[in-house]
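Peer 1: The structure that follows is given in the form of structure tokens.
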Amino acid sequence: MSMQLLQQSLKAHQVGDFRTARAGYQSLLSLEPNNPKALGMLGMLELQEGHFQKALELLDRALVITPNDGSLYLRKGAVLQQMQRWSEVEDNCKKAMVVQPDNPEFYYMLGIAHIAQGERNLAGGVWKKALALAPGHVEVLINLGMWHHEGGDLRGAHKCWERAYGIQEDNPRLLPLLAAALRELACIEPKSAVRHLHRSTQMDSKHAQGWGMYADALLLSGKGKKAFEACKKALALAPEKGELHHSMGNIFRATGQLEQALEAYERSARLGSTHPATLRAIAVLKGEKLEAGSEQVVRQLFDQYAERFDEHLLDELGYKTPTKLYDLLMEHRPNENWVNMLDLGCGTGLSALPFVHCTTNRIGVDLSGGMVEQARSKNEGDYSDKPLYRDLFVSELRQFLNEHEEQYQLALCSDTLNYLGDCSDVFELVSNRLTPKGLFLCSTEHWEGEGFHMQINERFAHSEAYIKSVCAPLKLIASKRAVMRYEADVAVWGTLWLFER
């Protein structure tokens, strides 16, 4: 009787008839309150219906009766994950590993718990153990690829995702990841990106971003006509996406259709594109001969961008560079305070916020008057008892350093050197404004080649070797690779630097 009732309940559960399954499990438990199978399956059903606390109670009862049932630990782990009780997920996995030490699922779940608790190094180790047990585990490969990617190992990420793709070609998550990894490798493999992105568009033909990435890769491969067709499909799906119009402008420009290119760039700007190259392209196509990274272009860009700068960087780009620079400073100078801090390229003041409690006076400098006005408004808001900036200046960075003689104990340059390109003179100018033992914190976008390089987005990326070669007379204290922000869900990698005079 009990076995028949259990089989009927399991069958109903499998076909999604949760009502019949629940009634069956409950009837069985009324006859056999300690039936571990019924407790476990009813716990699974409660999980599927979102009743996490009930599910946890049922699974704990089942585990008391059958403490060596690995499937119960898996279900309990899934419940705890939904409840975001990560330390308990970790404990549950470790208990399960005693019972089933060769089950890769427990190592996979433990890695997720480590990531959620900020234990990144531990996550990589257990995921590698999971792969040793199950080399074809696609979810482990995806997550281990992300682990490599976030650690700056682009080739390691590509290797994991390529393995996963070879196992499960129809997984829609893999193709964009794989293509993005290929593009990030300094755009040196656009043909491979084209192949994978084409497959992605076939799997999900309604994904505008996928078509846009495909168009960009096609253009990099020299296939302008196909790039145009792909971008046209992207725009049909998302006509209000400014970055897609920018991509179309690039295609027109590359194929010599300059009037159409200008129209596309201007439409991109009207739709709110904050792509640094958009305004420059418009200026050049209108006959204003401007050098890359010129003051005029940068000023125009950020004057236009100022009012929505904070929202865009924090909400859309996941921008945390100032906080990461602060963390680097605290790692090496945890108990110090600084009287005067110079914020070069201060923008709206986001860069100074993490440093309020370790500095007395902050002096901000920015090329854009619009950005400085936004920074000044913060003095009148939450920081009125302690103004965010003592002084604010609208000035080009080098000009300010040459003309102002005040000395500073700390200088900050967050996400600014990527607009300067050759910054060999900046370090000497900053050194002249620092007190003895003064510190300079800055960030650069990462370039794997030599020197510095203008990227497709017309921001400059700098190699670590280049920065080390031009930083004299400052002494390098520390550097760290980090994600600067995200663009189209792809991490933009850079380096955080701490120097001392």
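Peer 1: Please work out if ALA180 is in contact (Cβ under 8 Å) with a residue 12 or more places away in the chain, part of a helix (DSSP H, G or I) and of a type in the set (A, V, I, L, M, F, W, C).
Peer 2: yes
Peer 1: Please identify the pairs in which a residue from region 256-273 that is surrounded by fewer than 21 Cβ atoms within 10 Å (Cβ to Cβ) has its Cβ atom under 7 Å from the Cβ atom of a residue that is in a loop (DSSP other than H, G, I, E, B) and modelled with pLDDT of 90 or more, counting only partners at least 6 apart or on another chain.
Peer 2: Hits for this filter: LEU271/GLU240.
Peer 1: What is the one condition in (1) modelled with pLDDT of 90 or more; (2) under 23 Å from ILE477 (Cβ atoms); (3) not aromatic (Phe, Trp, Tyr) that SER351 does not satisfy?
Peer 2: All conditions are met except number (1).
Peer 1: Restricting to region 147-177, what's the tally of residues that are modelled with pLDDT of 85 or more, under 24 Å from LEU220 (Cα atoms) and in a loop (DSSP other than H, G, I, E, B)?
Peer 2: Residues flagged as modelled with pLDDT of 85 or more, under 24 Å from LEU220 (Cα atoms) and in a loop (DSSP other than H, G, I, E, B) within region 147-177 amount to 0.
Peer 1: Tell me, please, whether a residue that is in a helix (DSSP H, G or I), surrounded by fewer than 23 Cβ atoms within 10 Å (Cβ to Cβ) and either under 32 Å from the mean Cα position of the chain (by Cα) or not assigned by TED's automatic domain parsing to the domain that holds PHE106 (or both) can be found in region 61-69.
Peer 2: Scanning region 61-69, I find no residue that is in a helix (DSSP H, G or I), surrounded by fewer than 23 Cβ atoms within 10 Å (Cβ to Cβ) and either under 32 Å from the mean Cα position of the chain (by Cα) or not assigned by TED's automatic domain parsing to the domain that holds PHE106 (or both), so the answer is no.
Peer 1: Any residue in region 126-135 that is of a type outside the set (A, V, I, L, M), over 30 Å from TRP447 (Cβ atoms) and either more than 32 Å from the chain's Cα centre (by Cα) or not in a loop (DSSP other than H, G, I, E, B) (or both)?
Peer 2: Scanning region 126-135, I find at least one residue that is of a type outside the set (A, V, I, L, M), over 30 Å from TRP447 (Cβ atoms) and either more than 32 Å from the chain's Cα centre (by Cα) or not in a loop (DSSP other than H, G, I, E, B) (or both), so the answer is yes.
Peer 1: If GLU105 meets every condition in (1) surrounded by 15 or more Cβ atoms within 10 Å (Cβ to Cβ); (2) within 30 Å of SER30 (Cα to Cα); (3) of a type in the set (Asp, Glu) apart from one, which number is that one?
Peer 2: Answer for GLU105: the failing condition is (2).
Peer 1: Would you pick out the residues in region 24-83 that are farther than 19 Å from ALA96 by Cβ and among the hydrophobic types (A, V, I, L, M, F, W, C)?
Peer 2: If the condition is that a residue be farther than 19 Å from ALA96 by Cβ and among the hydrophobic types (A, V, I, L, M, F, W, C), then LEU28, LEU29, LEU31, ALA38, LEU42, LEU45 are the ones that fit.
Peer 1: Within region 402-410, is even one residue surrounded by fewer than 19 Cβ atoms within 10 Å (Cβ to Cβ), in contact with a helix residue (DSSP H, G or I) (Cβ under 6 Å, 6 or more places away or on another chain) and either charged (D, E, K, R) or assigned by TED's automatic domain parsing to the domain that holds HIS446 (or both)?
Peer 2: The answer is no, given that none of the residues of region 402-410 is surrounded by fewer than 19 Cβ atoms within 10 Å (Cβ to Cβ), in contact with a helix residue (DSSP H, G or I) (Cβ under 6 Å, 6 or more places away or on another chain) and either charged (D, E, K, R) or assigned by TED's automatic domain parsing to the domain that holds HIS446 (or both).
Peer 1: Of these, GLN84, GLN100, GLN117, which one is surrounded by fewer than 23 Cβ atoms within 10 Å (Cβ to Cβ) and touching a Gly at 6+ places or on another chain (Cβ under 9 Å)?
Peer 2: Exactly one of GLN84, GLN100, GLN117 is surrounded by fewer than 23 Cβ atoms within 10 Å (Cβ to Cβ) and touching a Gly at 6+ places or on another chain (Cβ under 9 Å), namely GLN100.
Peer 1: Here's another thing I want to ask about it. So for region 442-463 (the condition being assigned by TED's automatic domain parsing to the domain that holds PRO354, in contact with a Cys (Cβ under 7 Å, 6 or more places away or on another chain) and crowded, with 21+ Cβ neighbours inside 10 Å), does at least one residue qualify?
Peer 2: Yes, region 442-463 contains a residue that is assigned by TED's automatic domain parsing to the domain that holds PRO354, in contact with a Cys (Cβ under 7 Å, 6 or more places away or on another chain) and crowded, with 21+ Cβ neighbours inside 10 Å.
The values are calculated or read from the model by the stated rules, or taken from the named source; none is laboratory data. All figures in this text were calculated on a predicted structure; none of them were measured in a lab. Ideal geometry is used to build each Cβ from the backbone, glycine not excepted, and the neighbour counts take in all protein chains shown.
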